[in-house]
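Colleague: One structure, pasted below without further comment.
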Amino acid sequence: MASTRKFQLPFDRNEAAITWRVVKSSPMTLAGAVIAVAFVALAIADVVTRDAILPYNPYALTTQLLRPPSLAHPLGTDDLGRDVLSRVLAAAPIDAEVAFSVVGVAMALGLLTGGLAGYRGGLTEEVIMRVTDIFLSFPGIVLALAIVAALGPSTLHSIFALVPVWWPTYTRLARAETLSVKSQQFIDSSRAVGQRPSYIIGHHIFPNIFPTLLVYATLDIGNVILTYSILSFIGLGAQVPTPEWGLLTVQGESYLRSYPWIPIAPALAILVVAVGFSLLGDGLRDALDPRVRGTFG
Amino acid sequence: MGEAKTLPAAGGGEAVGFGDAVLTIKGLVVKYNTFRGELTALGGVDLNVRRSRIIAIVGESGCGKSTLGLSIIRLLPVPPARVAGGEIHFAGKNLVELPESQMTRLRGTGLSMIFQEPLSSLDPVYTVGDQLAETIRVRDERVGKPSYGPFRVAPAPEESHRTASRLLGARLPRPRASRKYPDEAIKALREVQISDPELVAAKYPHELSGGMAQRVMIATALLEKPSILIADEPTSALDVTTQAQVLELMRELRDEIGASVLFITHDLAVAAQIADEVVVMYAGEIVEHAEAGQLFSNPMHPYTEGLLQSFPRKFKDEEKLKAIPGDVPDLRFPPSGCKFHPRCTYAFDRCRVELPLAKEVSPGHRVACFLRQ
Amino acid sequence: MPTLLGVTLITFLISRVIVPDPARTWAGFRATPAAVAALAARYHLNAPLYIQYFYYMGGLITGHWGVSPTSGRPVLSQISQYFPATVELAIAAIVITIIVGIPLGVVSALHHNGKYDHGIRFLYLAGFSSPPFFVALVIILVFGYVLNIFPTQGELSSNLAPPAHITGMYIVDSLLTGNWTDFVNSVWHIVMPATALALTVFGIVTRITRSSMLEVFQKDFVRASYAKGLAQRAVVYRHALRNALIPTTTVLGLLLGALLSGTIVVESIFLWPGIGYFALQSIENLDFPSIMGVTVLFTLSVVIANLLADVLYAVLDPRIKI
């Protein structure tokens with residue numbers, strides 16, 4: 001057992017190398033990685049250039065209503081003459097923002113509560129895990145839906161509502177990981193030399209459990225986008241005229257029979273991004289699994 | 001014993017020319033693919049198994065004795081394992097080339113195998129009686145007898161009673177009409193010294209002890225009457241008393257159905273108790289094969305000698321125990337020549353370059369060592 | 001039981017604490033100040049929180065789940081009106097999920113790391129990752145509009161009279177009353193929505209079946225079953241699958257949760273008159289009591305499904321004692 005890791009990179013160099021080898025060996029994981037990187041790159045580029053990289057202004061109304069796909073408009077135009085492709089692409093930063101903030105906050109909360117529960121044990125653990133179990137017994141969307149309905153529909157409220165859906169998973173994970181790290185010798189030796197618990201948690205436990213949590217976070221990015229788009233679809237997430245995939249789908253729903261690309265394109269975008277992150281996360285999880293790892297090492 | 005021959009697979013068509021051998025293995029090579037390279041688990045094994053003999057296959061762990069057993073009955077995990085060469089003749093067929101469907105028909109009634117962990121060898125969700133009934137059905141279907149009805153024996157008052165008791169968390173009074181298992185299954189359990197067979201038949205595997213479970217496995221073999229029974233360390237997981245009882249049962253089994261038993265063990269004491277013949281394996285090869293008495297009184301191969309010296313023997317406790325120096329070789333990079341030469345105190349130049357082949361040095365005693373040739 | 005209490009506590013907190021002005025929200029945003037005040041008094045909304053919780057629990061248990069400000073009807077009576085259609089849809093979806101999900105898991109495990117395995121893994125990952133509205137829209141487009149095989153809306157053609165009300169589920173009722181026209185018609189209507197729901201959740205079943213099959217394949221009794229002469233089919237189905245199904249039951253709650261969440265989208269797309277459709281309408285009207293009613297109902301269903309899974313686990317596994 002290498003003693004401790006500093007909190008520099010989530011993976012140390014050796015681990016990163018092994019991870020990359022596992023990722024490389026699976027075409028599905030690689031495809032997932034490509035999709036994920038492309039999505040994030042698009043989101044950043046779109047924000048930085050203020051929609052300038054898009055073929056058309058996603059908000060500009062024109063007189064070219066409901067045009068079928070053509071060279072000028074690969075996905076046609078919608079009922080207000082806006083370019084469908086541009087609107088679908090313009091949704092990337094919004095969905096990315098929601099996904100990364102929800103997963104980030106959920107992970108931080110999970111790390112704190114789960115780390116605390118695992119490290120302290122006893123009553124603290126009992127209380128934290130009980131609360132976690134209760135949150136986990138809600139079907140995801142239903143809990144988010146109730147919270148947004150209480151707060152009022154909006155993207156910000158969606159983020160508030162989605163965090164309680166996701167943090168319990170991270171709490172459980174962080175607790176389990178903390179318990180396994182805690183049982184290792186170097187924690188005992190740190191404690192023996194009289195280091196404070198906060199130091200041990202910050203310097204020994206967090207850096208060791210972080211990689212696992214990060215892998216699950218990758219898996220979850222897609223899931224959060226999915227759930228958020230459902231909230232938007234039922235009218236509780238993004239509000240018009242924001243281009244957001246779930247909202248774009250529901251707005252285009254009535255054109256399904258005659259202009260199917262209008263609702264299908266944004267829905268397909270969700271599918272592609274969610275599949276991408278799932279494939280990547282699945283592959284990374286395999287890479288982190290010592291059983292799979294052994295066969296490569 | 002006469003009954004055993006009514007089954008087609010049970011030693012029916014015996015190939016001419018192999019004496020009274022039921023099973024003949026020639027030049028069997030088995031390789032394993034690992035991520036760290038290919039290893040040769042069996043490097044050309046020759047073996048004749050005669051009718052109704054108990055042959056102990058001994059050697060340290062990793063010498064290929066279990067691989068040999070699994071490759072005979074063709075239950076090697078493929079991949080990573082593969083048979084890279086050789087022949088296995090049984091019932092007039094070469095098992096190495098036999099299609100899986102025909103192999104399936106040979107398993108159980110022709111060749112059978114029992115394993116080290118008897119408790120995990122039984123399916124946890126069916127009762128012992130169910131599993132024996134299944135065995136009987138498989139056997140009867142082979143000879144075209146009408147099958148024993150549905151797999152699960154209905155009705156099952158015993159079981160529904162147990163389920164109900166479990167769910168209610170209380171012990172309900174036991175229903176009188178117990179579940180009816182085939183008479184033959186009950187009889188087989190009685191034959192393996194289980195005193196209340198009806199009760200045991202209604203039990204689930206987790207309710208049995210290890211010794212009891214291994215008896216059930218032997219009862220399975222008894223029902224199918226195979227001509228070869230491969231037993232892979234069948235007593236290693238059991239305590240000494242139970243071990244002795246199970247060994248006794250296996251001998252009775254041989255006497256009753258006339259099966260040959262390949263008894264795989266790392267324990268020379270067990271081999272001495274049960275075997276008619278002993279095969280000693282080292283690094284994927286058979287180094288010595290002789291009658292048990294002959295081998296224990298007059299070991300010819302230096303490895304056998306070393307093994308015997310490293311084992312405490314009765315009546316000779318003043319003798320010092322000696323460990324064989326060195327380690328079992330890594331089979332991905334086997335030593336040149338005789339695989340044992342790096343650990344052999346008698347090794348000379350020829351041993352380092354040339355692989356000694358097994359030769360019959362006295363009637364029925366084969367050794368693969370240049371010292372004896 | 002502690003879970004149940006915890007769940008009600010959270011729904012209580014959402015409906016009384018997170019909501020900025022409970023009385024106003026409950027009364028509906030068109031209500032007069034007097035009506036709001038009357039409502040606050042009636043539901044003890046000005047009392048301390050712990051008192052309110054008692055009333056809240058009392059209401060849940062006695063069946064008083066609040067009154068919808070839009071329709072003026074008790075929430076519970078509306079829910080019970082929409083409930084049968086959702087039960088019917090969920091059962092159909094579960095049947096499809098099991099029929100599709102378990103065999104795919106078995107095939108995937110049998111061809112571990114082979115082409116079929118990769119294909120199936122991709123398929124269920126795509127299922128997990130696809131928004132229910134995507135699946136629903138594609139199905140409607142292909143089988144409803146282009147091929148024109150199945151009806152795209154409702155649970156019965158509008159020119160037919162619904163069967164006599166027994167359970168509220170049209171398929172069951174028409175069967176019980178021997179109304180064949182209605183029976184065929186309602187089966188025809190349920191195919192697409194049930195398939196759409198099943199496609200987004202079958203991966204839950206496939207994934208666990210696959211992984212538990214792979215685990216069972218490593219067990220000694222599988223090897224021992226081959227050794228005693230069983231054919232592969234018998235070993236796989238009678239022994240391996242029977243054992244692998246035990247862990248599969250544990251996802252029952254998860255499955256139902258995903259399924260019920262999916263109904264909100266699928267029912268509103270197919271205009272299926274169930275709870276999901278009711279939920280969406282309540283959201284559009286900002287009918288808060290009704291939304292909370294649906295939340296409580298769905299969560300209770302999942303909690304009950306989890307309890308049921310525990311019982312099923314014990315029935316399937318003789319080693320477990322409750």
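The values are calculated or read from the model by the stated rules, or taken from the named source; none is laboratory data. The shown structure was predicted, so the numbers you read here are calculated from the model rather than taken from an experiment. Cβ placement follows ideal geometry from the backbone for every residue including glycine, while neighbour counts extend to all protein chains displayed.
Colleague: Given B:SER195, B:SER260, which one is surrounded by fewer than 21 Cβ atoms within 10 Å (Cβ to Cβ) and of a type in the set (Ser, Thr, Tyr)?
Modeller: B:SER195
Colleague: Inspect all residues belonging to the stretch B:91-108 and state whether any of them is in contact with a strand residue (DSSP E or B) (Cβ under 7 Å, 6 or more places away or on another chain) and surrounded by fewer than 19 Cβ atoms within 10 Å (Cβ to Cβ).
Modeller: yes
Colleague: Please work out which one of (1) among the hydrophobic types (A, V, I, L, M, F, W, C); (2) part of a loop (DSSP other than H, G, I, E, B); (3) facing another protein chain (nearest Cβ under 10 Å) is the condition A:VAL250 fails and give its number.
Modeller: (2)
Colleague: Can you tell me which residue is surrounded by the most Cβ atoms within 10 Å (Cβ to Cβ) among those in the stretch C:2-38 that are in a loop (DSSP other than H, G, I, E, B) and more than 12 Å from chain A (Cβ to nearest Cβ)?
Modeller: C:GLY28
Colleague: Is it the case that the stretch A:254-277 has a residue that's more than 14 Å from every other protein chain (Cβ to nearest Cβ) and either buried (at least 18 other Cβ atoms within 10 Å of the Cβ) or among the polar types (S, T, N, Q) (or both)?
Modeller: no
Colleague: Can you work out which of the residues in the stretch B:116-130 that are surrounded by fewer than 24 Cβ atoms within 10 Å (Cβ to Cβ) and facing chain C (nearest Cβ under 7 Å) is farthest from B:LEU68 (Cα to Cα)?
Modeller: B:VAL125
Colleague: Could you say which residue among C:PHE122, C:PHE128 is of a type in the set (Phe, Trp, Tyr) and farther than 25 Å from A:SER232 by Cα?
Modeller: C:PHE122
Colleague: Which condition from (1) in contact with a His (Cβ under 8 Å, 6 or more places away or on another chain); (2) part of a loop (DSSP other than H, G, I, E, B); (3) not charged (D, E, K, R) is the one that C:THR70 breaks?
Modeller: Every listed condition holds for C:THR70 apart from (1).
Colleague: Quick test for you: out of B:GLY69, B:GLY86, B:GLY44, pick the one residue that is surrounded by 21 or more Cβ atoms within 10 Å (Cβ to Cβ) and either within 17 Å of B:ALA231 (Cβ to Cβ) or in contact (Cβ under 8 Å) with a residue 12 or more places away in the chain (or both).
Modeller: Sole residue among the options that is surrounded by 21 or more Cβ atoms within 10 Å (Cβ to Cβ) and either within 17 Å of B:ALA231 (Cβ to Cβ) or in contact (Cβ under 8 Å) with a residue 12 or more places away in the chain (or both): B:GLY69.
Colleague: Considering only the stretch C:243-276, state which residues are away from chain A (no Cβ under 11 Å), over 18 Å from C:ASN306 (Cα atoms) and either surrounded by fewer than 20 Cβ atoms within 10 Å (Cβ to Cβ) or among the hydroxyl-bearing types (Ser, Thr, Tyr) (or both).
Modeller: C:LEU271, C:PRO273
Colleague: Let me ask you something else. Of everything in the stretch C:277-292, what is more than 9 Å from chain A (Cβ to nearest Cβ) and out of contact with any helix residue (DSSP H, G or I) (no Cβ under 9 Å at 6 or more places or on another chain)? Give them in sequence order.
Modeller: C:ASN285, the sole residue that qualifies.
Colleague: Please verify whether A:ALA176 is within 24 Å of C:GLY6 (Cβ to Cβ), away from chain C (no Cβ under 11 Å) and not β-branched (Val, Ile, Thr), treating the condition exactly as stated.
Modeller: yes
Matching residues to (1) among the charged types (D, E, K, R); (2) within 14 Å of chain A (Cβ to nearest Cβ); (3) without any contact (Cβ under 8 Å) to a residue 40 or more places away in the chain:
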residue	(1), (2), (3)
C:LEU125	no, yes, no
C:VAL146	no, yes, yes
C:GLY154	no, no, no
C:ASN159	no, no, yes
C:VAL184	no, no, yes
C:PRO193	no, no, no
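Colleague: Still on this structure, I have one more. Can we say A:PRO168 is within 20 Å of the chain's Cα centre (by Cα) and at pLDDT below 90?
Modeller: No; evaluated as a whole, the condition is false for this residue.
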